[in-house]
Amino acid sequence: MKKIVEYRKLLNVDKTVALKDLKTIYRNAMKESHPDKFQGDEAGLLEAEQKSKEIIEAYHFLVSINPETIKNGLPEFNETIANSTITDYKYENIRLSINFSNGSAYEFISVPKAVYIKMVNAESPSRFAKRHIFNAYPYRKVSNQE
């Protein structure tokens, strides 16, 4: 959740921002920090490049967890968790990435390490995840390899 707060602060938005507004805010932020504005100023150019990368990362992350994006992807998410098995999972920095047999991959954010350990030690990690993770933590789709 710390990363989400940092991204929202960087773009100066709250959690209820609409996708349309988020896009406008992103474009304006990129105009202000675009590296092309700093030609001839090496220090300014390097700083602008770094700031632009941060803005792009924040925008894409916030779009992926936006309520509108989640709502639009909910049927696919529900289909995936109901009918696909977990093929792989990875836990890193309170983020649990889960790959499914249909080629989809989702990242669950702010999953405590204790919950992850319980999942790993469960008789059926898939059943544990269905009961305790899938609908309990914020998530975002990270890929679809089909």
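The values are calculated or read from the model by the stated rules, or taken from the named source; none is laboratory data. Quick caveat, the model's predicted, so the values are computed rather than measured. For the accessible areas, the whole protein counts, side chains as well, though only heavy atoms, and no ligand, DNA or RNA atoms are used. Shrake-Rupley method; radii C 1.70, N 1.55, O 1.52, S 1.80 Å.
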Quiz prompt | Relative contact order (percent, whole number), the chain, Cα cutoff 8 Å, 6+ residue spacing | solution = 19 percent
Exercise. For the stretch 54-89 and the stretch 101-132, compute the distance between their C-alpha centroids and round to whole Å.
Key: 15 Å
Self-check item: Spatial extent of the chain: Rg and Dmax, with the Cα atoms as the point set, Å
Solution: 18.1, 61
Quiz item: Can you give the calculated 222 nm mean residue ellipticity of the chain, where each DSSP H run of n ≥ 4 adds -39,500 (n - 2.57) and the sum is split over every residue, rounded to the nearest 500 deg cm²/dmol?
Solution: -18500 deg cm²/dmol
Quiz item: Helices from the chain with mean Kyte-Doolittle at least 1.6 and a Cα length along the axis of 15 Å or more, per DSSP H: which?
Solution: none
Exercise. Leaving out ligands and nucleic acids, note down the accessible area per residue over the chain with a 1.4 angstrom probe, in whole Å².
Key: 64 Å²
Quiz item: Going by the alpha-carbon gyration tensor, a ≥ b ≥ c the square roots of its eigenvalues, is the stretch 1-87 rounded (a/c under 1.5) or, if a/c is not under 1.5, prolate (a/b greater than b/c) versus oblate?
Solution: prolate
